[in-house]
Every structure is written in structure tokens, then in C-alpha cells.
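Just below is one structure, and these are the notes that go with it.
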Amino acid sequence: MSEFLVAVLKLVFLGTMWVFILFAANVIKTDMFGRTVATNSPELNSLNEPPQKHRGRRRKSPKGLANALTVITGRSTGATASLEDTIVIGRASDADIVIDDDYSSTRHARVIRSGSGTWMVHDLNSTNGTYVNGVRITTPTKVSLGDIIRIGRTQLKLES
């Protein structure tokens with residue numbers, strides 16, 4: 001092999017190593033400090049208004065049944081989301097309710113409206129579990145007005 005080809009291969013290898021090191025450093029930084037969320041990002045908007053994919057005709061909940069999910073503790077305290085037929089809660093940017101909590105999973109839990117108009121919470125095999133009124137759930141659990149759902153350090157409350 002010529003000296004020129006060896007030098008080019010060394011530079012390509014060195015560049016590849018630097019890309020790997022920078023990628024690993026970014027992953028470590030994100031794990032330690034979380035990700036930044038702009039104030040006008042779709043993730044925050046999804047907490048305050050229904051996502052675009054759920055817009056359209058909505059079923060009204062009968063009086064006395066929950067139709068909103070409000071964050072009462074955590075980094076997004078005060079944020080409210082209207083409940084649709086199915087709501088996914090987690091850290092994923094495409095979740096219906098995005099919570100930036102180190103103890104939540106990417107897709108942590110799902111809140112589903114059952115046929116009778118009541119709400120059921122399903123834990124989606126999360127690492128740290130989902131709690132309803134302080135009790136860890138392992139099966140789909142019925143929740144009603146005033147119940148508190150805890151995911152990591154974030155608490156959400158069902159309201160009308």
C-alpha cells in the first residue's frame with residue numbers, strides 16, 4: 001500500500017473515532033441534564049391543547065366523569081391536556097402527554113376510555129411502574145375523577 005493511502009485511512013479512522021466520542025458525550029449529557037424544550041415546541045403545546053392528530057369531533061364526557069388530565073407535580077406543573085379516546089404518557093416526543101421525568105419510560109402508560117365512558121390506566125411495562133392513588137398497578141386499572149396517577153416524580157390528576 002502506498003503511504004498516501006495509509007495516511008488517508010488513518011484520517012478516516014480518526015474522524016470516525018471523533019464522531020463516536022462526540023455522539024457518546026451527547027448521550028451522556030442528555031441523560032445527566034435532560035433535554036431542552038423550547039417554549040413554543042409541539043411537546044409543550046400537546047400538554048395545553050389536543051394534538052393535531054386528535055382534532056375533530058370529540059365525544060363529550062358525561063357530567064361527573066373526567067375529561068382532562070392535569071400535571072400537579074413535576075417539571076410541567078400546571079399543564080393540562082384534554083382526554084381523548086387514547087392518551088399515551090411518556091418521555092417520547094411523539095407521546096400525547098410528554099413528561100420530562102428521569103424516572104419515566106419513553107412510553108410509560110396509556111389512558112384509555114372504556115366503552116362505558118370510564119377511564120382505564122395501563123402500565124406499558126415501564127421500568128419504574130405506574131401508580132394510581134399510591135398503589136402500583138400491574139393490570140389495567142379504572143380511574144375516575146380526582147384520582148392521582150404517578151409516573152416517576154410526576155403526578156397527574158383527572159379533572160372534569
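The values are calculated or read from the model by the stated rules, or taken from the named source; none is laboratory data. In this text, all values refer to a predicted model and were calculated from it rather than measured experimentally. Cβ atoms come from the backbone with ideal geometry, glycine included; neighbour counts cover every protein chain shown. Note: areas computed on protein heavy atoms with side chains; ligands, DNA, RNA excluded. Shrake-Rupley method; radii C 1.70, N 1.55, O 1.52, S 1.80 Å.
Does the stretch 88-136 come out rounded, prolate or oblate by the C-alpha gyration tensor, with a ≥ b ≥ c the root eigenvalues, rounded set by a/c under 1.5 and, if not, prolate when a/b is larger than b/c and oblate if not?
Taking the square roots of the gyration eigenvalues as a ≥ b ≥ c, the stretch 88-136 is oblate.
Just read off the accessible area of ARG136 with the full protein assembly in place, 1.4 Å probe, to the nearest 10 Å².
120 Å²
Along Cα→Cβ, 7 Å out, is where each label goes; now give me the distance between the ones at MET1 and LEU22 in nm to one decimal.
With each label placed 7 Å out from Cα toward Cβ, I get 2.4 nm.
In what sequence, largest accessible area first, do SER93, SER105 appear using a 1.4 Å probe?
SER93, SER105
Calculate, for LYS10 and ARG153, the FRET efficiency according to 1/(1 + (r/R0)^6) with r their C-beta to C-beta distance and R0 45 Å; round to the nearest 0.05.
0.40
Find the relative contact order for the stretch 79-144 and round it to a whole percent, using C-alpha pairs within less than 8 Å whose residues are 6+ positions apart.
24 percent
Quick query: amide H of ARG153 versus all other amide H atoms, modeled in the peptide plane; which residues come in under 5 Å with a sequence gap of 5 or more or a different chain?
TYR103
Can you sort HIS108, HIS122 by 1.4 Å-probe accessible area, starting with the largest?
Greatest to least solvent exposure: HIS122, HIS108.
Under 5 Å between amide H atoms, partner at least 5 residues away or on a different chain: which partners does GLY117 have, H built in plane at 1.01 Å?
HN-HN under 5 Å from GLY117: empty list.
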